[in-house]
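The values are calculated or read from the model by the stated rules, or taken from the named source; none is laboratory data. Every value quoted in this text rests on a predicted model; they were computed, and no experiment measured them. Counting neighbours? That spans all protein chains shown, and the Cβs are built from the backbone with ideal geometry, glycine included. Note: areas computed on protein heavy atoms with side chains; ligands, DNA, RNA excluded. Shrake-Rupley method; radii C 1.70, N 1.55, O 1.52, S 1.80 Å.
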Amino acid sequence: MKNILITGGAGFIGANFVRYLLKAEPEARIYNLDALTYAGSLENLHDLPDPARHSFIQGDICDAELVGRLMTEHAIDTVIHFAAESHVDRSIHGPGAFVQTNVIGTFTLLEAARAAWAGEPSGRRFHHVSTDEVFGSLAPNDPAFIESTPYDPRSPYSASKAASDHLVRAYYHTYGLPVSITNCSNNYGPFQFPEKLIPLMVLNATLGKPLPIYGDGKQIRDWLYVEDHCEAIYLVVKNGKVGETYNVGGGNQPYNIDLVREICSILDELRPDGAPHTRLMTHVPDRPGHDRRYDMDITKIRAELGWVPRHDIESGLRATVEWYLENQDWVKSVLGDEGYTAWLEKNYAKR
Ligand code: NAD
Ligand code: DAU
């Protein structure tokens, strides 16, 4: 791992990973390719631990000429691919961008790696960051997802991620490209764009705005603190087997509605003037095709690589709420002007 191309490194998990990697690999050089869509921001890359080893390139992963040039000019030996359209609700309103970036973008990167590495896999790795949503939705007593659970994506987002996972595996079997994949559950932590559940609830609660709970709020996600996800990816890239997939999850599975209550109770303590924040909780019509429950079985990554989550949901959630309260300037800067308001209008006002 010397010259690393990170895609989507100005987004939530990518930016956390850039920080993690600069510390974990003191010799590595990072080339961070990101289109800076609404979800990406250079504000996420302030105060990096060793900025001289990080170069930012604004560009699209679907740009074959650019991606091919980066691979050869910088003698890239490792690709860690985060870039994606990542929000399920946006995929329902506009699936086209998801097929473009998640499918065509991944294909473009795979082609560039295949050409640059030309059948010489030794010392190289193409790591694809994927999601538990490719496995579909669990009923209450179903066992957790394992790596061989059949794919059953149910939203345009998860279908586009499933397609990209299939392409990555096809390049391993067909061309011998040295790939690995992690499928991870819901992340939370610093730098997450406030369209996702946790930062949206914190932001709305501090503004005294309604906290929109989709449907009955009894959906279940398997929450993982983002730094734990970064460590899992790092271990898989370093020591995971080529051609393999690893499930990553947090083992924290509250109902959405209970998670929001917990956020309210942390805010009651930290911002007592708005208490009780639960008064803002509002049921709104459900997300179409809403997956009911996710649960990841992490036996494989624990047994092979010794990875387990280090953060529990109580301390991780508190640290996250505190981070958002302390970083109001960041919140203001990433929201932009009209884009975020237009999104709220589209997804919530017309619900
Ligand atoms: P994010 O939306 O916060 O960031 C995505 C980044 O990709 C942004 O910086 C954006 O500018 C960039 N990007 C989008 N389209 C691009 C393009 N065409 N070319 C170059 N850059 C582009 O997403 P995230 O939550 O950080 O997720 C990162 C990855 O992890 C995604 O692949 C996602 O599917 C996966 N994942 C996310 C979670 C989660 O809970 N957030 C869980 C499991 C897996
Ligand atoms: O499971 C991994 C996935 O987690 C990632 O692959 C996705 O990129 C990431 O966005 C996330 O998807 P979810 O759809 O689970 O995350 P989101 O934060 O959008 O929603 C979490 C849950 O909260 C979900 O059941 C929907 C619900 N929800 C969400 C929002 C934004 C609400 O009830 N109200 C809301 O306003």
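Descriptive notes on the structure:
- Applying the set (1) open to solvent by 10 Å² or more (accessible area, probe 1.4 Å); (2) more than 10 Å from ligand 2 (Cβ to nearest atom); (3) on the phi < 0 side of the Ramachandran plot; (4) outside any helix (DSSP H, G or I) to Lys218 leaves exactly one unmet item: (2).
- Test for Thr299: is it open to solvent by 60 Å² or more (accessible area, probe 1.4 Å), polar (S, T, N, Q) and without any contact (Cβ under 8 Å) to a residue 24 or more places away in the chain: no
- Failed criterion for Val334 (all others in (1) buried (at least 16 other Cβ atoms within 10 Å of the Cβ); (2) aliphatic (A, V, I, L, M); (3) over 22 Å from Phe193 (Cβ atoms); (4) within 20 Å of the chain's Cα centre (by Cα) hold): (3)
- Of the residues making up segment 311-324, those that are open to solvent by less than 20 Å² (accessible area, probe 1.4 Å) and over 13 Å from Phe193 (Cα atoms) number 3.
- Residue check for Leu267: buried (at least 22 other Cβ atoms within 10 Å of the Cβ), in a loop (DSSP other than H, G, I, E, B) and more than 14 Å from ligand 2 (Cβ to nearest atom): no
- Yes/no for Thr299 being touching a strand residue (DSSP E or B) at 6+ places or on another chain (Cβ under 6 Å) and modelled with pLDDT of 95 or more: no
- Taking every residue in segment 147-165 that is more than 15 Å from Ser180 (Cα to Cα) and pairing it with any residue that is aromatic (Phe, Trp, Tyr), at least 6 positions away or on another chain, the pairs with Cβ-Cβ distances below 7 Å are Thr149/Phe135; Tyr151/Phe135; Asp152/Phe135; Pro156/Phe98; Tyr157/Phe98; Ser160/Phe98.
- Residue pairs whose Cβ atoms lie under 7 Å apart, separated by 6 or more positions or on different chains, with the first residue in segment 172-186 and polar (S, T, N, Q) and the second within 16 Å of ligand 2 (Cβ to nearest atom) and part of a helix (DSSP H, G or I), are Thr182/Ala232; Thr182/Ile233; Asn183/Asp132; Asn183/Val134; Ser185/Asp132.
- With respect to being touching a Pro at 6+ places or on another chain (Cβ under 7 Å), within 16 Å of ligand 2 (Cβ to nearest atom) and touching a residue at least 40 places away in the same chain (Cβ under 8 Å), Leu259 falls outside the description.
- Flag if Leu259 is in a helix (DSSP H, G or I) and either closer than 24 Å to Leu325 by Cα or in contact with a Gly (Cβ under 7 Å, 6 or more places away or on another chain) (or both): yes
- Residue list for segment 49-78, filter: in contact with a helix residue (DSSP H, G or I) (Cβ under 6 Å, 6 or more places away or on another chain), away from ligand 1 (no atom under 14 Å from the Cβ) and part of a loop (DSSP other than H, G, I, E, B): Pro49, Asp50
- For the criterion of being open to solvent by 10 Å² or more (accessible area, probe 1.4 Å), small (Gly, Ala, Ser) and modelled with pLDDT of 95 or more, Gly59 passes.
- Every condition in (1) within 16 Å of ligand 2 (Cβ to nearest atom); (2) farther than 26 Å from Asp228 by Cβ; (3) touching a strand residue (DSSP E or B) at 6+ places or on another chain (Cβ under 6 Å); (4) not aliphatic (A, V, I, L, M) holds for Gly94 except the one numbered (3).
- Of the residues in segment 285-305, none is within 19 Å of Ile198 (Cβ to Cβ), touching a Cys at 6+ places or on another chain (Cβ under 7 Å) and not in a strand (DSSP E or B).
- Cβ pairs under 8 Å, 6+ apart, first in segment 338-351 and open to solvent by 50 Å² or more (accessible area, probe 1.4 Å), second more than 13 Å from ligand 2 (Cβ to nearest atom) and not in a helix (DSSP H, G or I): Gly339/Tyr38
- Against the list (1) touching a strand residue (DSSP E or B) at 6+ places or on another chain (Cβ under 6 Å); (2) in a helix (DSSP H, G or I), the condition Ala83 fails is (2).
- Taken over segment 2-37, the residue count meeting the criterion of being in contact (Cβ under 8 Å) with a residue 60 or more places away in the chain, more than 16 Å from ligand 2 (Cβ to nearest atom) and in a strand (DSSP E or B) is 4.
- Filter result for the condition that a residue is buried (at least 19 other Cβ atoms within 10 Å of the Cβ) and over 16 Å from the mean Cα position of the chain (by Cα), over Ala52, Ala84, Ala113: Ala113
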